[in-house]
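Worksheet for the structure shown next.
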Amino acid sequence: MILQNELVTLILGLAALAFFVVGRARIKNLPRWRLFLLAFAALSAAWVLTVAEGFFLPTALNLIEHICYAVSSIAFALWCWRISSDHQESTK
Amino acid sequence: MNTIVAIDIVTVLAVLAALLPLFRDGRRILGRDSLMVVAALVTLTLFHTVSDILQWSGLSESVDKFEDYFELLRPVMWFFLAYTLMGARAAAVLRGSEERYRTIAEDTTVLICGLNSDCEITYANRAFCRYFGKTAEELMRLSFFSLIPKVDHEAVVAGISMMTLKSPSQSHEHRAISVGGEVRWQRWTNTAQLSVDGQLIGYQSVGEDITERKESEAERDLLISAMEQAAEAIVILDAGGAIQHVNAAYENITGYTPEESIGQTPLVFKGGEYDDAFYRELWDTLERGNFWGGKVVNKRKDGSLHTEEAAISPVRDDSGTIVNYVAVIRDITHETTLANQLRQAQKMEAVGQLAGGVAHDFNNLLQVINGYSDLALADLKPSQIAHDHVRQISEAGRRAATLVKQLLAFSRRQVIHPVDLDLNEVIHGLLKMVRRLIGEHIELDFIAGRGLGTIHVDRGQMEQALLNLCVNSRDAMHEGGKLMIETGNVLIDSEFVRTHPWAIPGRYVLLCITDTGCGIEADQMDQIFEPFFTTKPTGEGSGLGLATVYGIVKQNNGYIHPYSEVGKGTMFKIYLPTVERRAVEVERSISGAVIGGRETILVAEDDELVLNLCSRILRSAGYSVLTAGDGEEAVQVFKEHADRIDLVLVDVVMPKLGGAEVVARILDLRPGMRHLYCSGYSENAVHTSFVQNQGLKLIQKPYQSETLLRAVREALDLP
């Protein structure tokens with residue numbers, strides 16, 4: 001069963017992804033861009049899985065969805081820590 | 001269920017962990033906008049995850065609706081986060097870049113300034129301020145032209161005006177007044193700043209001080225100019241000995257252009273005068289780092305040889321390695337030729353002095369031999385055996401006298417009687433004799449120059465010189481040939497003197513005698529005028545013919561120049577200076593019968609043998625003779641017998657008192673006293689020159705009896 005808000009979230013996420021793809025050259029200028037992109041990619045995957053679990057393997061995909069949320073949060077936290085430490089090193 | 005809750009708790013913890021660095025310096029790192037987005041995103045994530053935890057743990061279900069709505073914001077927030085981060089990043093990059101370039105501009109030693117369209121300064125970096133000794137504030141709105149000497153304004157304006165839309169950047173060099181009023185050179189690169197519509201809004205100028213470079217260039221230009229304009233050739237060789245550079249003088253000396261010379265080794269131009277060992281030693285000296293100087297004979301482009309005085313020095317780099325050689329070369333061909341000619345002239349002069357000295361002493365001896373031979377012959381009957389013996393002695397004495405006369409001619413100590421002559425007339429008078437002399441197997445041509453100038457020479461000497469040359473030509477043409485005598489006027493100018501250094505500019509009569517004989521070897525050309533030098537077999541030539549010609553020409557202030565090619569013939573060119581007078585017809589002396597007399601003659605002669613001979617000759621002719629052995633005695637004898645002396649015969653050179661002084665004192669005692677000089681052709685012509693100068697009569701020793709008696713009679717018979 002497809003929930004309307006999940007589908008809209010997915011569409012918005014895909015639009016954001018399109019923005020990331022179009023502006024990838026500028027994204028690459030961001031510090032620690034790989035972690036940043038990983039956080040967003042994991043989140044996007046979670047949004048896809050949220051929709052997908054309405055069609056098949058709901059339990060497994062739901063579990064993976066939550067794992068993706070966790071990966072996204074961890075990647076984002078790492079990104080914050082790394083850019084902070086980079087900044088501190090450059091100002092020493 | 002518990003697994004999902006556990007995962008969500010990890011998520012919450014991770015999000016909370018992210019907050020710590022963001023609280024600490026998130027604004028500085030991300031910027032205000034991005035930080036706000038991150039805060040919203042973290043809030044949404046926490047809300048969503050906590051809702052999930054509550055839902056999956058069964059604690060609550062009421063938050064589902066909110067969760068759904070907030071979840072919609074998460075992709076939007078990520079979009080904004082990416083957007084604001086990129087903007088912040090670009091701004092940071094720009095700020096960093098600006099800071100970097102500002103630092104570079106301020107810290108550089110290059111002069112940087114900005115000008116508006118009126119050339120007023122709008123920006124000046126620290127180097128610019130230091131250079132002009134002003135603060136940035138003092139420079140603001142100051143006209144750039146106020147920093148430039150007025151003399152350079154026009155050039156700067158011209159440089160600026162050359163900037164166009166297509167070529168907005170121009171570089172030019174000019175001077176500016178630096179700190180302390182010192183005028184220094186700079187090179188400026190100006191870039192026009194144009195608006196979108198192409199309007200000029202200002203200039204960006206970057207400059208550097210090039211004063212030292214300018215000074216170096218000026219010094220280098222001076223060195224190059226000096227090198228190129230030097231009279232001496234300057235050649236720069238590389239370490240391998242190949243020519244790298246030559247100056248203009250090198251081409252003048254050698255005939256080779258720089259293009260033909262560069263890359264060659266100087267050995268290509270060697271003249272073949274020296275062997276390989278010479279050049280090996282030269283290079284060994286240079287390669288050891290020593291200076292080499294000396295003379296070298298090299299070949300010009302046209303194949304002619306020239307003598308160079310070369311000074312070659314090695315050139316070392318900072319490490320002491322020889323990287324080049326520099327040679328300064330001076331063409332000394334002209335000097336060498338002159339030196340050779342001077343040496344030859346000095347040698348001829350020395351030989352002449354020797355010959356003249358010997359001849360002078362021989363004359364007195366020959367005078368005695370010949371005189372007593374004549375007296376003995378007069379006393380002996382031809383039928384007597386002794387008569388023939390004495391005749392042989394007399395004949396040998398005459399031949400010896402002829403040789404001595406030639407020696408005197410060579411040594412230029414003959415007493416001469418130069419008169420103004422037309423050389424054509426002299427040659428015409430001799431042609432008959434010349435034809436007889438050279439024989440019928442030789443064709444004789446005489447081409448007389450028209451309007452020939454008058455020369456002032458001794459006619460007898462000229463005839464002798466001409467005959468000697470003709471005889472020489474005859475002897476060179478055993479198989480027959482052609483002898484050509486030419487005369488003409490020539491003008492010796494400075495150009496001629498340049499190529500013939502022996503000549504002096506002026507108008508000359510040229511006598512050219514050419515034969516088609518065997519010619520003279522080149523290595524013998526320097527010796528042909530030396531006395532007793534001959535190529536003829538022993539006994540066939542005295543070796544005095546050309547020496548006599550040389551002496552005669554020199555004594556008459558002329559030049560003789562030989563040219564010969566073996567197997568083709570020889571040409572002698574004689575240059576005699578002309579005089580601005582018409583030639584006079586010279587009366588040839590006609591010999592009359594010898595007449596003696598009864599008068600009394602005082603003979604003064606330091607050579608006793610000659611004195612005795614002279615006395616005997618005069619007494620045999622009926623004269624009374626008083627004798628004196630020197631000048632003082634002559635004056636004394638004259639005083640004692642003044643009343644009865646009719647003629648005084650004095651030797652020019654005598655001890656105690658010379659002939660001229662003796663005559664002067666006698667004339668004081670008895671004015672109008674007749675006198676006569678005799679001379680053995682003094683070794684110093686000064687002694688006899690007064691006789692010529694005063695038009696007096698002089699008897700040349702060795703004289704014959706008839707000559708003496710005729711001269712004495714003529715002197716006594718003068719009115």
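The values are calculated or read from the model by the stated rules, or taken from the named source; none is laboratory data. Note that the coordinates shown come from a computational prediction; the quantities given were computed from them, not determined experimentally. As a convention, Cβ positions derive from the backbone with ideal geometry for all residues, glycine included, and neighbour counts pool all protein chains shown.
The residue list B:ALA277, B:ALA249 contains one member that is at pLDDT 85 or above, touching an Asp or Glu at 6+ places or on another chain (Cβ under 7 Å) and part of a helix (DSSP H, G or I), which is B:ALA249. Identification of helices (runs of 4 or more DSSP H) wholly contained in chain A with 2 or more residues that are surrounded by 16 or more Cβ atoms within 10 Å (Cβ to Cβ), in contact (Cβ under 8 Å) with a residue 40 or more places away in the chain and more than 7 Å from every other protein chain (Cβ to nearest Cβ) yields A:4-22, A:33-52, A:58-91.
Checking each residue in the stretch B:1-14 for being more than 7 Å from every other protein chain (Cβ to nearest Cβ) and farther than 15 Å from A:PHE76 by Cβ picks out B:MET1, B:ASN2, B:VAL5, B:ALA6, B:ILE9.
Looking only at residues in the stretch B:645-669 that are at pLDDT below 90 and assigned to a loop (DSSP other than H, G, I, E, B), the one that is surrounded by the fewest Cβ atoms within 10 Å (Cβ to Cβ) is B:PRO655. Taking the residues in the stretch B:15-27 that are free of Cβ contacts under 8 Å to residues at least 12 places away in the same chain and either more than 7 Å from chain A (Cβ to nearest Cβ) or touching a Phe, Trp or Tyr at 6+ places or on another chain (Cβ under 7 Å) (or both) as candidates, determine which candidate is nearest to B:SER57 (Cα to Cα). Among those that are free of Cβ contacts under 8 Å to residues at least 12 places away in the same chain and either more than 7 Å from chain A (Cβ to nearest Cβ) or touching a Phe, Trp or Tyr at 6+ places or on another chain (Cβ under 7 Å) (or both), it is B:LEU20.
Residue-by-condition table, conditions (1) more than 14 Å from chain A (Cβ to nearest Cβ); (2) closer than 24 Å to B:VAL157 by Cα; (3) among the aromatic types (Phe, Trp, Tyr):
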| residue | (1), (2), (3) |
| --- | --- |
| B:LEU85 | no, no, no |
| B:ALA90 | no, no, no |
| B:CYS119 | yes, yes, no |
| B:ARG130 | yes, no, no |
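Flag: B:LEU139 does not match the condition of being within 60 Å of the chain's Cα centre (by Cα) and in contact (Cβ under 8 Å) with a residue 60 or more places away in the chain.
Does the stretch B:357-373 contain at least one residue that is among the small types (Gly, Ala, Ser), more than 30 Å from B:ASP238 (Cβ to Cβ) and at pLDDT 80 or above? So far as the stretch B:357-373 goes, yes, one or more of its residues are among the small types (Gly, Ala, Ser), more than 30 Å from B:ASP238 (Cβ to Cβ) and at pLDDT 80 or above. Taken together, B:ILE513, B:ILE447, B:ILE438 contain a single residue that is in contact with an Asp or Glu (Cβ under 6 Å, 6 or more places away or on another chain) and modelled with pLDDT of 85 or more, which is B:ILE447. Scanning the stretch B:623-665 for residues that are in contact (Cβ under 8 Å) with a residue 40 or more places away in the chain and of a type in the set (Gly, Ala, Ser) gives a single hit, B:GLY659. In the set (1) over 30 Å from B:ARG27 (Cα atoms); (2) over 13 Å from the mean Cα position of the chain (by Cα), the condition left unmet by A:VAL48 is number (2).
Residues in the stretch B:298-343 that are of a type in the set (Lys, Arg) and either touching a residue at least 60 places away in the same chain (Cβ under 8 Å) or under 30 Å from B:ARG288 (Cβ atoms) (or both): B:LYS299, B:ARG316, B:ARG330.
Number of residues in the stretch B:289-331 that are assigned to a loop (DSSP other than H, G, I, E, B), surrounded by fewer than 16 Cβ atoms within 10 Å (Cβ to Cβ) and in contact with a strand residue (DSSP E or B) (Cβ under 9 Å, 6 or more places away or on another chain) equals 4.
When we screen B:GLY519, B:GLY460, B:GLY506 for residues that are over 22 Å from B:GLY551 (Cβ atoms) and either touching a helix residue (DSSP H, G or I) at 6+ places or on another chain (Cβ under 8 Å) or of a type outside the set (A, V, I, L, M, F, W, C) (or both), the only hit is B:GLY519.
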